[in-house]
Amino acid sequence: MIKIETPKQLQDLKNEVLSKRVDIKKYITVCSGTGCIAYKSPDVSKAFDEEIKKRELSNSVQVRRTGCHGFCERGPIVVILPEKICYLGTKVEDVPEIVEKTIVNNEVIDRLLYKDIETEELMKIVEDVPFYKYQKRVLLANNALIDPTSIGDYIAIDGYSALAKVLTGISRDEVIKTVKDANLRGRGGGGFPAGVKWETTRNAPGKTKYVLVNADEGDPGAYMDRSILEGNPHSVIEGLIIGAYAIGAKEGFIYVREEYPLALENTRLAIERAGEYGLLGKNIFGSGFNFNITIHRGAGAFVSGESSALMSAIEGEAGEPRPKYIHTSVQGLWDKPSCLNNVETWANVPFIINNGVEWFRSMGTEESKGTKIFSLVGKVNNTGLVEVPMGITLRDIIFKIGSGIPDGKKFKAVQTGGPSGGVIPESLLDLPVDFDKLYEAGSMMGSGGMIVMDEDTCMVDTARYYTDFLAHESCGKCSPCREGLRQMLKILNRITAGEGRDGDIELLEEIAEVVHEASLCALGGTAANPILSTIKYFRDEYKAHINEKRCPANVCNALIKYHIDPEKCKGCGLCKKNCPVDAVIQVEEKLFEIDVEKCIKCGACIIACPKKFDAVKKISEGASVGVS
């Protein structure tokens, strides 16, 4: 192993890696992100290794365990290169057939292909699958190509070439100007210009400065940062080193969520390998620049994703935010100037250096450039990680990439920005997705969570759910957030329990305003978004809960009851067999009813009733059905 000291040595190493692959005619890439691991992708990879060896194909076929491909619900995902044949839901028993038909005989296995939801057309090539077709994959593209545990794989795709370019020919001021001119805005939620933050830290007094990666990502359903660290950790490390050089920092920290063991392991290994090749440590690329990285494992507190709370945690203190009359970029970690960006922001830097400012600015809107990764989940046909250019509409994300709402249901709303984000209704589906438009709509970009809701979603209960999460995650340091969230949750619990009062809506709005204005950190400052946005766009649902004691979506248990439609009931008795409290009564030979006094509203009867009958329903308490 050589220490890379010049760009030529880096290029020579790249050529050496590629020369060893001349005889490889096909690659079998197996998604090995956390989602596909849950679907037993390691077993699939092992089966491919054994089958390739058994058929003596090892000299021409290589199995590569890659990072997350994004289409997580359809894993394990296998893509055959160079043909780009995409197989979904691959199982161990499929492996011999794939090797025999696709690898050896160049045939396609139809049952493993994506079937279009509307046309039922089978799609062979990965880029033809709607989930991928309408994306603009920049950061995630290499996830599907490289083994994240191999620094050779990263170098083979020009990894660390941006760092070589910077350290051997670009001044610190030029690097910062490049990032500023590109208008790279922080992908962690606030959208603050990264170049401005870098410049502020660079110009802050003091010789000791720090750069930090925020990989705390605590939003429910969000896993963008996790997938980048799992699938391509070197891209983050390279971006961090470039930022450290520009700012004048000699030490960096990557704050990784404790719940991300694979991201933690792959990042640790990447740092180790980069150090072995001289890409970390002393005199990187012979430039005289020294830099080292330490991983800090988070303790699981949602509030630690806030910049000053994160720095307090690294210092060994409780992860609580500090007053920001002095910004962390001037006085942060150990009271030294500290530049904190999230995983996605740092990973963009090498692309900007290598491809140029105009390339980056060619994507996105006037004020929001580049691409953004979203976690598309909820009531949508295609779920997973999507990377799209800023400015794409919500409609295109949900109905083109996501292929619409399952089971013929009607779209109702989409919640963006994590638990502190807002809910956006159907009337705003054509809203361009960027930092400013989402804020104007009463939501925010956040780290990139996007939860789709259909007609069966109660907006009041949605606000209650997120407020409950935030109330538990509040550190309690400031009373507006601590007490305000508790009081709002108390009111929402009362409304969903059928005990809402006149004036509750107005009281929620009043408390929300105080929480927003007076809270110490961004958690409290944005915590009212779910409440304010649902009141703004779905005020009638609040009124129905309070004035009519009715949940229009039939979700809130206190306001609904279960009913068996006598015209649809076929008398199979499955509802009675599965009821845990014997609340289902047989009133005739082939007719059942539900004793509403006994019913605990667990939903077992609905699950048990065959879909072809669809006889068991949830109805509002106020509706008359003519049964006990």
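Throughout, read-outs are computed from the coordinates displayed, never taken from laboratory work. The structure displayed is predicted, hence computed values, not measured ones. No Cβ is skipped: glycine too gets one built from the backbone with ideal geometry, and neighbour counts run over all protein chains shown.
Structure above, values below:
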quantity: For region 459-547, the spread of Cα positions along each principal axis, largest first, Å; calculated: 36, 20, 19
quantity: Whole-number percent relative contact order across region 320-389, with pairs defined as alpha carbons under 8 Å at least 6 apart; calculated: 15
quantity: Cα centroid separation - region 8-58 against region 322-364, whole Å; calculated: 34
quantity: Taking Y160, Y114 and counting other C-beta atoms within 10 Å, the order from fewest to most; calculated: Y114, Y160
quantity: Qualifying trypsin sites (Lys or Arg not before Pro) for region 482-535 [loop in DSSP, other Cβ within 10 Å: at most 14]; calculated: R501
quantity: Dimensionless Rg/Rh of region 231-346 - Kirkwood Rh, Rg from C-alpha atoms; calculated: 0.97
quantity: The chain: relative contact order in percent, alpha carbon pairs under 8 Å with at least 6 residues between; calculated: 11
quantity: Region 121-212: Cα Rg divided by the 2.2 N^0.38 Å rule of thumb; calculated: 1.48
quantity: Residues with amide H under 5 Å from that of T371, placed H, sequence gap 5 or more; calculated: M390
quantity: DSSP-defined antiparallel bridges as percent of all bridges, the chain, nearest 5; calculated: 60
quantity: Sites matching trypsin sites (Lys or Arg not before Pro) across region 156-244 that sit in DSSP coil, with at most 15 neighbouring C-beta atoms within 10 Å; calculated: K207
quantity: Stretch gain in nm, segment D430-T168, where the contour uses 0.36 nm per residue and the Cα spacing is subtracted; calculated: 89.7 nm
quantity: Estimated dipole of the chain in Debye, rounded to 20 [Cβ of Lys and Arg +1, of Asp and Glu -1, Cα centre]; calculated: 960
quantity: Loop sites in region 390-494: chymotrypsin sites (Phe, Trp or Tyr not before Pro), DSSP, at most 16 other Cβ within 10 Å; calculated: none
quantity: Residues of type lysines that K25 reaches as a straight line, Cα spacing below 17 Å, ignoring anything fewer than 8 places off in the same chain; calculated: K53, K84, K101
quantity: The chain: calculated mean residue ellipticity at 222 nm from DSSP helix runs of at least 4, using -39500 (n - 2.57); calculated: -10500 deg cm²/dmol
quantity: Bridge type composition, region 199-320 - antiparallel percent by DSSP, nearest 5; calculated: 10
quantity: Theoretical gain in end-to-end length, K207 to I157 [0.36 nm per residue, Cα-Cα removed]; calculated: 14.5 nm
quantity: Region 559-620 shape via C-alpha gyration tensor axes, a/c threshold 1.5; calculated: rounded
quantity: Amide H within-cut-off set for I254, under 5 Å, with H built and near neighbours excluded; calculated: V213, T294, I295, H296
quantity: Table column - 3J(HN,Hα) (Hz), region 359-365, Karplus curve with 6.51, -1.76, 1.60, x for Gly and Pro; calculated: 4, 5, 6, 6, 10, x, 9
quantity: Size of region 151-360 as Cα extents on the principal axes (Å, biggest first); calculated: 41, 37, 32
quantity: DSSP beta bridge pairing in region 23-126, given as percent antiparallel to the nearest 5; calculated: 60
quantity: For region 23-126: span of alpha carbons on each principal axis (Å, largest first); calculated: 41, 29, 23
quantity: Residue-by-residue Karplus 3J(HN,Hα) for region 275-280, coefficients 6.51, -1.76, 1.60, Hz, glycine and proline x; calculated: x, 4, 8, x, 8, 10
quantity: Residues V22 and D468, FRET efficiency given R0 of 51 Å [Cβ-Cβ distance, rounded to 0.05]; calculated: 0.30
quantity: Entries in K26/K124; K180/K250; K409/K611; K400/K536; K136/K412; K437/K536 that, when Cα-Cα distance is taken, lie over 20 Å; calculated: K180/K250; K400/K536; K136/K412
quantity: For region 539-546, 3J(HN,Hα) per residue [Karplus equation, 6.51 cos²θ - 1.76 cosθ + 1.60, θ = phi - 60°, Hz, x = Gly/Pro]; calculated: 4, 4, 5, 4, 5, 5, 5, 7
quantity: Alpha-carbon gyration tensor eigenvalues x 5, square-rooted, for region 1-78, Å; calculated: 29, 19, 10
quantity: Fraction of the pair-distance distribution of region 371-454 above 15 Å, Cα-Cα pairs, percent; calculated: 48
quantity: Which of S171, F435, L333, positive extreme of dipole for the chain (C-beta unit charges); calculated: S171
quantity: Under 5 Å, built H, 5+ apart or other chain: amide partners of G33; calculated: C68, H69
quantity: Cα gyration tensor shape for region 278-374, rounded if a/c is under 1.5, else prolate or oblate; calculated: oblate
quantity: Debye intensity ratio I(q)/I(0), log10, the chain, q values 0.05, 0.08, 0.09, 0.11 Å⁻¹ (C-alpha model); calculated: -0.26, -0.65, -0.81, -1.13
